[in-house]
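Participant: What follows is a structure written as structure tokens; I'll ask about it next.
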Amino acid sequence: MKNLSSWLITIFVMMYWLFRVVVAITGSMGIDFIVLPIDTNIEIALLFIVLICIPFIFKRKLLGSIVYLGAYGWYFGRGLIENIIKLINNETLNMQTYTEMFFSLIGVALPILVLFDILLDKNRTKNPTDKKTDWFYKNEQYDRKLDERADKNNYRTL
């Protein structure tokens with residue numbers, strides 16, 4: 001992760017995950033909050049799935065972003081489509097429905113951003129190893145110079 005955009009997207013993933021933790025806790029305790037979970041049991045399972053996916057997103061692994069997209073797309077996409085159908089049918093919607101649509105839209109758009117960020121990351125595809133250490137570990141000329149220098153420095157011992 002060498003781009004600022006990658007860091008910002010990943011930080012936003014963690015912030016949204018923490019927000020969903022608060023939503024799950026308040027929903028299970030019956031406390032009024034901005035958003036209610038669609039399904040509390042699935043929300044808790046989804047939190048653990050995303051918790052496992054976050055290190056893979058940090059490591060720029062494609063599998064982690066695909067699982068993240070699948071889980072959030074399935075969970076939030078369902079609620080988003082239901083609310084959009086209500087909106088298209090000109091049903092009267094309250095403010096709670098609009099906030100659920102907004103946070104569901106974020107829940108669907110965020111994994112798509114992560115997937116595109118990982119797919120378009122040039123450092124991951126071109127050079128999967130770190131350039132900062134390659135000059136030392138994969139440089140045979142440096143090893144030869146070190147060997148020659150070590151041979152020339154013969155100190156006398158008494």
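Read the figures in this text as sums done on the coordinates, not as results from a lab. What you see is a predicted model, and the numbers here were worked out from it, not measured in a lab. In this analysis, Cβ positions are derived from the backbone assuming ideal geometry, glycine residues included, and neighbour counts consider all displayed protein chains.
Participant: Just give me the residues in the stretch 6-30 being within 18 Å of Val108 (Cα to Cα), touching a residue at least 12 places away in the same chain (Cβ under 8 Å) and not aromatic (Phe, Trp, Tyr), in sequence order.
Facilitator: Within the stretch 6-30, Ser6, Ile9, Thr10, Val13, Met14, Arg20, Val21, Val23, Ala24 qualify.
Participant: Moving on. Within the stretch 31-38, is there a residue that is crowded, with 16+ Cβ neighbours inside 10 Å, in a helix (DSSP H, G or I) and touching a helix residue (DSSP H, G or I) at 6+ places or on another chain (Cβ under 6 Å)?
Facilitator: The answer is no; no qualifying residue exists.
Participant: Another one. Among the listed residues Tyr75, Tyr16, Tyr68, which satisfies the condition of being within 12 Å of the chain's Cα centre (by Cα), surrounded by 18 or more Cβ atoms within 10 Å (Cβ to Cβ) and among the aromatic types (Phe, Trp, Tyr)? I'd like the intermediate steps shown before the answer.
Facilitator: On the way: Tyr75 fails: within 12 Å of the chain's Cα centre (by Cα); Tyr16 fails: surrounded by 18 or more Cβ atoms within 10 Å (Cβ to Cβ).
Answer to the selection: Tyr68.
Participant: Return yes or no: is Phe33 within 27 Å of Asp117 (Cβ to Cβ) and free of Cβ contacts under 8 Å to residues at least 24 places away in the same chain?
Facilitator: Details: within 27 Å of Asp117 (Cβ to Cβ): no; free of Cβ contacts under 8 Å to residues at least 24 places away in the same chain: yes.
No, not satisfied.
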